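J.: Quick one: structure below, then a few questions.
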Amino acid sequence: MRVVNSPVSKIDGMQIATGAPVYTDDLVNNALVIKLLRSPHAFARIKSIDIERAKKVDGVEYIFTYQDVPKKRFTVAGQSYPEPSPYDRLILDEYVRYVGDEVAIVVAETEKAALKAMKFIKVEYEVLEPVLDFETAMNHPIVVHPEDNLEVNFDIGMQKGKNIVAAYKFEVGDVEAELKKCDTVVEETYYSQAQAHAMMETYRAFSYMDHNGRLNVVSSTQVPFHVRRIMARALDIPKSTVRIIKPRIGGGFGGKQTAVMEFFPAFVTWATGKPAKLVYDRKETFSCTNSRHAMRIKVKIGSDKEGNIEVIDIEALSDTGAFGEHASTVFPLVAEKTLPLYNRVKASRFEGQAVYTNKMPGGALRGYGATQGAFAVETAINKLASVLKVDPITLREKNLIKVGEEHPILHGATTKPSALTSSTLDKCIARGKQLINWDAKYPREIIDDTKVRGLGMAVTMQGSGIANIDTASAEIKLNDDGFYTLLFGATDMGTGCDTILSQMAAEVLDISMDRIIVNSCDTDISPYDPGSYASSTTYVTGNAVIKAAEDIRQQIINKGAEFLGLAPKSTQFEGGIVKSSDGNKEISLNEIAQRLSSSEGQDQLIGKGTFGSETSPPPFIAGFAEVEVDKETGQVDLINYVAVIDCGTLINPKLARIQAEGGLVQGIGMALFEDVIYTDKGKMATNTFMNYKIPSRKDIGKIIVEFEPSYEPTGPFGAKSIGEIVINTPAPAIAHAIYNAVGVFVTSLPITPEKILEFGHPQGAYPKL
Amino acid sequence: MKISVTINNKPAEFDVMPDEYLADSLRRYGYLSIRKGCDTGSCGLCTVWLDDKPILSCSVLSMRAMGKQITTIEGVKEEAKECAQYLVGEGAEQCGFCSPGLIMTILAMKRELVNPTEQDIVHYLNGNLCRCTGYVGQLRAVKKYLGVE
């Protein structure tokens, strides 16, 4: 391999690093400015809205209320059709269901005028009692979505009268009977918080009508094709009238897999014919969009005396907030990405529900349920190790899935059981153990009277795309000067997929990357792609790109042979040139392209490829944490974090490393700092970087990343995914390290000093170790 | 109201509102490398120089720039490119949204600190948040750029 597996720099790197105007808000011209009036109540019915005085404010053009919008409910979750998320939203509704839910759309010439007008809108609310505690939401007398016209595309277990959005159950073997036979059973309840994405570029979009009278929306989105479908449904117009353009994206992390706000400018432009833009500020981004689903996860694990794990039983409750975006699909991953790791059990069970509450909706965030599941299950496994008094690494070595072995939900719930085709997880664990210096340091090192260092570890898996559902296409066009245009719909949000997909095409076409132009994404031009989410781009879109490149390569060989007067079999394709097998005759790509685009050839070559997978091969990671805990203050300093990863072949080792480092730090934030606090009235209190702390440069200790590449036979050049898996281990590994330092397993995230003191000091002392 | 400033070594006159912040005025006048990330002066994305000192342009009223010299990344183009090459060389630009502000802080640090240690670098850049890279690659890049062992 020449280009694949080499650390090339991102093709857009220099432009974006030096401030080129290539993001959504840099591209707007003369658009009206939208501001949204939001609900101060967690649950209320709008009795009346008086907009007359507000409309008279100088510069205000339009104000829209719930009386002005289409009455067809839709979902903003970016998922392949038929979406599993319920159609439970309107552009504006008579009911407001969380603090920050939209009440009115104010459209003005300037932001200042819009803000001024907002102050003059008089809203009379019938304030309702909100459902704020997700643990009591089920069967609560107050129903968050009482409306009749809420729809689901298929049965997701919804019982809206009970505030249950979705339910899912999976069971193999007889859990209760097997539990009784176990020598040891550990049981614990874990809580993970509604982590914020906190991408640096907040949500934004603008829209305009084009020369053909079609609605164009430019958006910082991960899912342009899903946004097209969502806009069409929300506005009740044909999909063919909508075009979505995605420029550069300033970070997404799953947040922009949900079309949280594009429908506002789209509606305004469709209703008025005028260009309109909406840029969310940081507070809106924190409190009026989406987040990770907060969950309660109960885990029961049983084993024999030797540490053979016999039973895993998981029960999850997911807080989806006021709307059901990704509600039914996030919580099953708690099981789908944890149970297959321990495939030798005699019985396993997962049962879970997602419930509505009057809080900001949950959504997709890197890890998508696997992160929550990894914290709960891996922490329980570590607890089992401590109860059995065995090394947690030994315990895992004994129980983890190996290549060739099966698990019923290894590739997701929609697949037939099939074997694991690639894994170096054992090597990842062995290497990580060396790098963290496990044998010398485990379990703890006393630094002084108050400070103790502890070691912890966890392993996890993710998938590569959604098996049997998500399908991507790619096209490669040969241009008239012998260079290529690569078209796809995956969305580079900084991850570098434009670069790695172009590496794959260059590899197949045996040409340097500068001869390939990449274009993504414009729904009028790009071939269909669900978008970049579910760890799918390298694997799913990558395989589509390889197919497209192989297709056009064959077409070029055929045409080259024809021009050379040879049979295709008597030629070879090398360095982008078609040569006779004996090397005596050759024709350049440039010449082939020129002759094809003249009256002589009359043939535009376009290669195409579509790929959808029946499996979702998991990447693996072993994470190791070394922390220093101050027993007096509960302060935790992360000293070292080691991660060793099997993501198959590294298409681009440099970009894979950055993905890993970035994901680990986002996971470290979730483990230690990122607290989400609501007031007792249901208002999110942690809505700025002043009170929602993401890690800064001083918070992260030393991060060490290595790879143990396997070769995934179904993957593009043997690759699997990297984007999501990297966020999953920090929470359980750090929780474990803290336990090994001071003897307390904190069971809720983030693990703040207060919680360590609370768990460790009930009688004024930490447990004896 | 009108203010006279020097921007990237050229004299200019900006018409600004009394309550307008410099980041907004600059974007309005086409300096689109200035990005806003937080509204609370806590992310560092909007960093430019005022009289050669790095400031958060989202938290400085435009009027305060009257008679002063503003430098954006466009004004130190070649130097910024050189620095960016190190970032891109590590893949540490990622989404790129925070990069202009980070580069302006790195270049200011280069002028201010003589032979900085790794600790000095981390301290100086701590106010520049990034959610993509986990900072580790950026540190590798800055150390290489400044020749820090």
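The values are calculated or read from the model by the stated rules, or taken from the named source; none is laboratory data. Computed from a prediction, not measured in an experiment: that's the story for all the values here. Neighbour counts are summed over all protein chains in view; Cβ atoms, including those assigned to glycine, are modelled from backbone coordinates with ideal geometry. Remember, those area values only see protein heavy atoms, side chains included, never the ligands or the DNA or RNA. Shrake-Rupley method; radii C 1.70, N 1.55, O 1.52, S 1.80 Å.
J.: Hey, can you find the accessible area per residue of region B:76-146 for me, probe 1.4 Å, expressed in square angstrom? Can you show the working numbers first?
T.: Working: 2570 Å² over 71 residues.
Result: 36 Å² per residue.
J.: When N counts the residues of region A:103-239, how does its alpha-carbon radius of gyration compare numerically with 2.2 N^0.38 Å, as a ratio?
T.: Working: Rg = 23.3 Å, N = 137, 2.2 N^0.38 = 14.3 Å.
Computed over Cα atoms of region A:103-239, the ratio equals 1.63.
J.: Just to be sure I understand the model, the point goes 7 Å from the Cα along the line to the Cβ. What's the resulting A:GLU129 to A:LYS169 distance in nm?
T.: 3.0 nm
J.: Same structure again: Determine the gain in length on full extension of the stretch A:ASN590-A:ASN212; use 0.36 nm per residue of separation and subtract their C-alpha separation, reporting nm with one decimal.
T.: Stretched out fully, the A:ASN590 to A:ASN212 stretch lengthens by 132.5 nm.
J.: Follow-up question, since we're still on this one. Do you know which residues of region A:652-679 lose at least 30 square angstrom of accessible area in the protein assembly compared with their chain on its own, with a 1.4 angstrom probe?
T.: A:LYS654, A:ILE658, A:GLU661, A:GLY662
J.: When every alpha-carbon pair in the protein assembly as shown is counted, what percent end up more than 53 Å apart?
T.: Details: 59968 of 420903 pairs.
Taking all Cα-Cα pairs of the protein assembly as shown, the fraction more than 53 Å apart is 14 percent.
J.: Within 10 Å, at most 16 other Cβ atoms, and a DSSP state outside H, G, I, E, B define an exposed site. Report the longest part of chain A free of exposed GluC sites (Glu not before Pro).
T.: It runs A:406-599.
J.: Which of B:SER4, B:GLY30, B:VAL16 sits closest to the plus end of the dipole of region B:2-74, meaning its Cα is farthest towards the positive end, when Lys and Arg get +1 and Asp and Glu get -1 on the C-beta?
T.: After comparing all options, I get B:GLY30.
J.: Now a separate question. Using 0.36 nm per residue, how much length does the chain from A:ASN691 to A:ASP58 gain when fully extended, once their Cα-Cα distance is taken away? Walk me through the numbers on the way to the answer.
T.: On the way: separation 633, 0.36 × 633 = 227.88 nm, distance 3.57 nm.
Full extension of this stretch gives 224.3 nm more.
J.: Okay, next question. Is there a quick way to get the dipole size of the protein assembly as shown? I mean about its Cα centre, with the Cβ of Lys and Arg at +1 and of Asp and Glu at -1; what is the value in debye to the nearest 20?
T.: Values: 100 positive and 114 negative charges, 168 e Å.
Approximately 800 debye in magnitude.
J.: OK, next. Per Stokes-Einstein, at 20 °C and 1.002 mPa s, what whole-number D in µm² s⁻¹ belongs to region B:76-146, with the Kirkwood radius over Cα pairs as the hydrodynamic radius? Please list the in-between numbers first.
T.: Numbers: Rh = 11.9 Å.
Rounded to a whole number, D works out at 180 µm²/s.
J.: Taking 1 over the mean of 1/r across every pair of different Cα atoms in region A:405-547, what Kirkwood radius in Å do you get? List each step's numbers first, then the result.
T.: Values: mean 1/r = 0.0537 Å⁻¹.
For region A:405-547, inverting the mean 1/r across all distinct Cα pairs yields 18.6 Å.
J.: Give me Rg/Rg_expected for region A:314-425, where Rg uses Cα atoms only and Rg_expected = 2.2 N^0.38 Å with N residues.
T.: Working: Rg = 15.5 Å, N = 112, 2.2 N^0.38 = 13.2 Å.
Compared with the compact-globule rule of thumb, region A:314-425 sits at 1.18.
J.: In sequence order, what are the phi-derived ³J(HN,Hα) couplings for region A:444-460 according to the Karplus relation 6.51 cos²θ - 1.76 cosθ + 1.60 with θ = phi - 60°, rounded to whole Hz, with x for glycine and proline?
T.: 8, 9, 7, 8, 7, 4, 10, 9, 10, 9, x, 10, x, 8, 7, 10, 7
J.: Over region A:502-563, one equal point on each Cα, no solvent: what is log10 I(q)/I(0) by the Debye formula at q = 0.15, 0.17, 0.23, 0.28 Å⁻¹?
T.: For region A:502-563 at q = 0.15, 0.17, 0.23, 0.28 Å⁻¹, log10 I(q)/I(0) is -0.55, -0.68, -1.07, -1.24.
J.: Moving to a separate point now. So, in nm, how far is label A:SER748 from label B:SER59 when the simple model puts each one 7 Å beyond its Cα toward the Cβ?
T.: Each label point lies 7 Å from its Cα, and together they span 3.2 nm.
J.: Sticking with this one: In deg cm²/dmol, rounded to 500, what helix-only [θ] at 222 nm does chain A give when every DSSP H run of at least 4 residues adds -39500 (n - 2.57) and the total is split over its residues? Before the final figure, lay out each step's value.
T.: Details: 19 runs with 189 residues, N = 769.
Roughly -7000 deg cm²/dmol at 222 nm, from the helical runs in chain A.
J.: Are there any helices in chain B, counted as whole DSSP H runs, that stretch 18 Å or more along their axis by Cα and score at least -1.0 on average by Kyte-Doolittle, and if so which?
T.: On the way: long enough: B:99-112 (19 Å, 0.49).
Passing helices, by number: B:99-112.
J.: More than 25 Å apart: what percent of Cα pairs in region A:584-710 qualify?
T.: Details: 4594 of 8001 pairs.
More than 25 Å apart: 57 percent of the Cα pairs in region A:584-710.
J.: Using bins 5 angstrom wide from zero, how does P(r) for region A:544-637 break down, in % of all Cα pairs?
T.: 3, 11, 15, 14, 10, 6, 5, 5, 5, 4, 4, 4, 4, 4, 3, 2, 0
J.: Place +1 on the Cβ of every Lys and Arg and -1 on the Cβ of every Asp and Glu in the protein assembly as shown, take the dipole about the Cα centre, and give the residue among A:PRO695, A:GLY254, A:ALA376 whose Cα lies farthest towards its positive end.
T.: A:PRO695
J.: Might you report the magnitude of the Cβ-based charge dipole of chain B about its Cα centre, with Lys and Arg at +1 and Asp and Glu at -1, to the nearest 20 debye?
T.: It comes to approximately 120 debye.
J.: Based on the Kirkwood radius over alpha-carbon pairs, what is the Stokes-Einstein translational diffusion coefficient of region A:437-521 at 4 °C with 1.567 mPa s viscosity, in µm²/s? If you can, show how the numbers build up before the last one.
T.: Values: Rh = 17.3 Å.
The diffusion coefficient I find is 75 µm²/s.
J.: Using the Karplus curve 6.51 cos²θ - 1.76 cosθ + 1.60 with θ = phi - 60°, work out ³J(HN,Hα) for each residue of region A:308-316 in order, rounded to whole Hz, and write x for Gly and Pro.
T.: My calculation for region A:308-316 gives 7, 6, 9, 9, 10, 10, 10, 10, 10 Hz in order.
J.: Right, another one. I need the phi-derived Karplus couplings for region A:169-184: 6.51 cos²θ - 1.76 cosθ + 1.60, θ = phi - 60°, integer Hz, Gly and Pro marked x.
T.: 9, 9, 8, 10, x, 9, 4, 4, 5, 5, 4, 5, 7, 6, 6, 9
J.: Next question, about the same structure. Residues with amide H under 5 Å of A:TYR442's amide H, sequence separation 5 or more or different chain, H placed in the peptide plane at 1.01 Å from N; which?
T.: Answer set, sorted by chain and number: none.
J.: Give me the log10 of I(q) over I(0) for chain B at q = 0.19 Å⁻¹, as the Debye formula computes it from C-alpha points; what are the numbers?
T.: -1.10
J.: Can you give me the pair-distance distribution of region B:2-74, C-alpha pairs, 10 Å bins, whole percents?
T.: 22, 62, 16
J.: Could you grab the relative contact order for chain A? Cα pairs under 8 Å, six or more apart, rounded to a whole percent. Before the final figure, lay out the partial values.
T.: Working: 2009 pairs, mean separation 113.6, N = 769.
Once divided by the residue count of chain A, the mean separation gives 15 percent.
J.: Next question. What's the center-to-center distance, using Cα atoms, between region A:662-716 and region A:465-503 in Å?
T.: First find each Cα centre; the distance between them is then 29 Å.
J.: What does the convex hull of the alpha-carbon atoms of region A:471-612 project to on average, in nm²? Mind dumping the intermediate values first?
T.: Values: hull surface 33.5 nm².
Projected area, direction-averaged: 8.4 nm².
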